Amino acid sequence: MSANQNNGRDVKKIVNAALDEYHTKQEELIPILMKVNQEVGFIPAEALEQISQRMHVPQSRIYSVASFYHMISTKPTGRHIIKFCESAPCHVAGGKEVWEALLKELNIKPGETSPDGKWTLKTTSCLGVCAVGPVMMVDDDIYGNLTPSQIPEILGKYE
């Protein structure tokens, strides 16, 4: 794989398209990073360097912004991203038991990606559906009123 390729995607081309779309304005850094993250799956080092050069912004500032926001990743993620709500309403509704079942099933820690590259596990403070807690999101699919016994079945849908 060449330095400018990621999963068959040309990172340089993706970054240039995002920069062209947002006209390299510093106030557009977050949308630029989000666009690259969406297309590549994360913000690789070569993307940080290229954005820095084209925007005339220190690479450290771009990395700082990219690593601050949870919806942007600075390292490769799994094919499926699980976001588990750890807010108080979900916790009170049985979230701790569901969380333990999820950890056991995936055998990875929060923030990690499974060795096979299938799963990335993240926690979030709220998914905005507190009425049906405990809640988790797999990619764009939201699952509510979770019980520990549902975890294997839900994950099995993503085989």
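Considering only SER67, ALA131, ILE30, and ranking their Cα positions along the charge dipole of the stretch 1-141 that arises from unit charges at the beta-carbon of Lys, Arg, Asp and Glu, the one farthest toward the positive end is SER67. Computed from the coordinates I sent, Kirkwood radius over Cα pairs in Å equals one of (1) 18.7; (2) 19.2; (3) 17.0. Tell me the label. It is the one labelled (3). For ASN145, the residues whose modelled amide H falls within less than 5 Å of its own, excluding neighbours fewer than 5 places apart on the same chain, are GLY133. Compactness ratio for the stretch 72-134: Cα radius of gyration over 2.2 N^0.38 Å (N = residue count) comes to 1.14. Couplings for the stretch 110-116, taken from phi via the Karplus curve 6.51 cos²θ - 1.76 cosθ + 1.60 with θ = phi - 60°, read x, x, 9, 10, 4, x, 7 Hz in order; Gly and Pro are left as x. Remark: the stretch 63-69, residue by residue, has Karplus-estimated 3J(HN,Hα) of 4, 4, 5, 4, 7, 6, 8 Hz, where x stands for each Gly or Pro and the curve is 6.51 cos²θ - 1.76 cosθ + 1.60 at θ = phi - 60°.
Report the net charge of residues surrounding GLY111, where surrounding means a beta-carbon distance below 11 angstrom and charges are Lys +1, Arg +1, Asp -1, Glu -1. Walk me through the numbers on the way to the answer.
Numbers: positive: LYS75, LYS109, LYS122; negative: GLU112.
Spelling it out: positives minus negatives among the neighbours equals +2.
Taken one residue at a time, the phi angles of the stretch 78-92 give Karplus couplings (6.51, -1.76, 1.60, θ = phi - 60°) of x, 5, 10, 10, 9, 10, 10, 6, 10, 6, 4, x, 5, 4, 5 Hz. Gly and Pro are set to x. With the convex hull drawn around the C-alpha atoms of the stretch 32-81, the volume per residue stands at 65 Å³.
Given +1 on the Cβ of Lys and Arg, -1 on the Cβ of Asp and Glu, and no further charges, what dipole in debye does the chain carry about its Cα centre, rounded to the nearest 20?
On the way: 16 positive and 19 negative charges, 62 e Å.
Roughly 300 debye for the chain.
On the chain, 51 percent of the accessible area sits on carbon and sulfur atoms, based on a 1.4 Å probe. With a simple spin-label model that places each label point 7 Å from the Cα along the Cα-to-Cβ direction, the separation between THR24 and SER60 comes to 2.3 nm.
Among 95-102, 20-27, sorting by the average number of other beta carbon atoms lying within 10 angstrom of each residue, highest first, gives 95-102, 20-27.
For the stretch 51-88 and the stretch 97-135, what is the separation of their C-alpha centers, rounded to whole Å? The distance from the Cα centre of the stretch 51-88 to that of the stretch 97-135 comes to 18 Å. Ordered by solvent-accessible area of protein heavy atoms (1.4 Å probe), largest first, the residues VAL15, VAL129 come out as VAL129, VAL15.
Modelled spin labels at ALA131 and LYS104, positioned 7 Å past Cα toward Cβ, are 3.2 nm from each other. Heavy-atom accessible area with a 1.4 Å probe sorts SER73, SER149, SER64, largest first, into SER149, SER64, SER73.
The values are calculated or read from the model by the stated rules, or taken from the named source; none is laboratory data. Fair warning: this is a prediction, and the values are worked out from it, not measured in the lab. Using ideal geometry, Cβ is built from the backbone for each residue, glycine included, and neighbour counts are taken over all protein chains shown. These area figures cover heavy atoms from the full protein model, side chains too; ligands, DNA and RNA do not enter into them. Shrake-Rupley method; radii C 1.70, N 1.55, O 1.52, S 1.80 Å.
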